[in-house]
Each structure stands twice: as C-alpha cells, then as structure tokens.
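Read-outs throughout are calculated quantities, based only on the coordinates presented, and are distinct from any laboratory measurement. Every value quoted in this text rests on a predicted model; they were computed, and no experiment measured them.
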Amino acid sequence: MNIKFEEGLSKILQPSQILKQEKMASHTTFRIGGPADYFLLPSSVEEVASVITLAKEADMPILCLGNGSNLLVRDGGIRGAVLHFGKEMSDIKRVGNTLIVGAGCMLKDIAAVAAKAKLAGFEYFVGIPGSIGGAVFMNAGAYGGEIESVVSAVTAVCPNGRVRRFTREELDFGYRHSTFQENGCAICEVEITLTDGEETVIQEKLDDLTERRESRQPLDMPSAGSTFKRPEGYFAGTLIDQTGLKGLRVGGAEVSKKHAGFVVNAGGATAKDVVGLIREVQRRVYEAHGVRLEPEVKMIGEE
C-alpha cells in the first residue's frame, strides 16, 4: 500500500474510479492475467494528467490500458497502477473531415460513426478488436491498411504530467511502432482525418471486411489477436500451418484450428501456458523453415 498515492488519488478521482487488486483477466481479450494493485478509471485529460503527476511524486509505476486486445498479463499481475481508458474516455467529436476521438473509443465504433458521416478511409480497421489509443500506440493494421494513414495528431500526457499535442510528423510511425513506445506519454485523444465518401460504398466495404474477419478468425475464443509479427517475406500463420501446428496445446493455450496465426485460450489457460506455447511454436517453425517468429503480443506483469 502506498499511502501518499492513495491519499492523492482520493482528491483526484471518485471512489468508483479507484479499484484495488482488480483481476486483469477481466480487462484483456485473452481473459488471462493476475491482479493490478490499482486499477483507475479516469474520465478526462485533466484527470489523467493529475494521476500521472501524482504517480511520479509517489514513485508509483503506471501503465496505460485500452481494450487489452494485444496484451498478455502474466499470472502474478501488475505492481503499480493501471490507467484504463474505457467508455469514460470514448467521446467522438467531428470538425469537418476530422474526428477527435477519446483514446478509449473502440475502432468499430469509430468506423460506424465515420460511415454515417460519409467519411471514408477508416474501413480497414473495423475488424481490429481494440481501442484507438492502443491502435495508435502500436500502429495497428489490417487488410493492407495501417492506422498511421488516418491519424493527423495525438494529444497525450507525458511522464512529467504535461499535456502535449503531437503532430503527424512527430509520431514516428513504423511497422507496429509509434513514438509512444519510447516516450512514455499516455495517449488521451486522437485526431483522425478522413475523406468524403458515399455512405453506401463505405458500408459495403465495412460489411465485406467484417465478413472476411468473421469467416477466417477464431472470434469465438479468447485471444490477443495475431500472436506474431509478420516476418519479412512470409506470413506467420502460413508458416505455423505448414509446420503442422494447428491444434497444438500447452495447458489451456492452443494454436487455433481455424487460423494458425492465433494462440487462443481454449479454457483455463494461464499466461505461463501461452508463453510456453509461443516458445514451442517459435522453436518448431525455426527448425522447419529457418524463420524466427517475433511475438506481436505485448507481455507485461510479474510471473
């Protein structure tokens, strides 16, 4: 217990916004993960700035979390505080062809709003089961599109508690990379600039991409999305499939029988099971093809 941190929190957030020993399995799409010491639910950029300033003063480690869709929290949980960007920070405002979106807003919801507003360019991301904050953090992509193609600016709170607006040129986007992976700033709002389009055409594309995802991916089982990054010149799922690893299990973790690029929680999986399965897949694929697979899933917390 950190008395200084707790006393400070009580002056920033309401009791309902402060959870203790919250199981992270309830907040990740893998449905895996031990407890976080503090699980906080800010509702504004100002609250985020105040909490981050307090955490620095109280020497409290802090982690930002959106939908938890590209994350494996280890079984020992997280020491410190988790700042959760959820529905409390998911507003969408339109200014011309730009949508100003709270970090906790789900990508599918942004896609729906954009379609209704006859704004094109966000369709690629309808099938990614994450929030816009997490998508920007890792420059998420699907079906040939990456989030960098539509992001024009980001408002974030830096480790010193200062609110800063990052321009498009300052975001340092790359394959599954953004500047936020190094600078420690908490993404709070994202500006998305789109182009004029026809609602029926946009909706047709959304429906097509949704159907393709539903028919090919194991959406009926908990997972963290694509488990491995795409190795240059290959597709991870194809290599795993060619190695004959569909259905391979370690404890409750399984290589999906539907799409080999996904490790799924087949029932009661622990983080230890998932890590063990990932390592076994890496070993066998390297033996068979000489290709080293790198996990796309971010692993955090204590064993």
> Which ³J(HN,Hα) values, rounded to whole Hz and listed in residue order, are derived for the stretch 132-141 from phi using the Karplus coefficients 6.51, -1.76 and 1.60 in 6.51 cos²θ - 1.76 cosθ + 1.60 with θ = phi - 60°, glycine and proline given as x?
Replying inline: 5, x, x, 5, 5, 3, 10, 6, 4, x
>> For Lys298, what residues show an amide H to amide H distance below 5 Å, using hydrogens built from the backbone and excluding near sequence neighbours?
In response: Leu71, Leu72
> When DSSP beta bridges are limited to those with both residues in the chain, what percentage is antiparallel, rounded to the nearest 5?
Replying inline: 80
> Where both residues lie in the stretch 3-84, what percent of DSSP beta bridges are antiparallel, nearest 5?
Replying inline: 40
> How large is ³J(HN,Hα), in whole Hz, for each residue of the stretch 198-212 in order, when computed from phi with the Karplus curve 6.51 cos²θ - 1.76 cosθ + 1.60 and θ = phi - 60°, using x for Gly and Pro?
Replying inline: 9, 4, 5, 5, 4, 5, 4, 5, 4, 5, 5, 5, 5, 5, 4
> Hey, how many Å between the Cα centroid of the stretch 9-84 and the Cα centroid of the stretch 142-219?
Replying inline: 22
>> Can you return the lysines within cross-link range of Lys56? Criterion is Cα-Cα under 26 Å, with same-chain partners fewer than 8 residues away left out.
In response: Lys4, Lys11, Lys20, Lys23, Lys87, Lys298
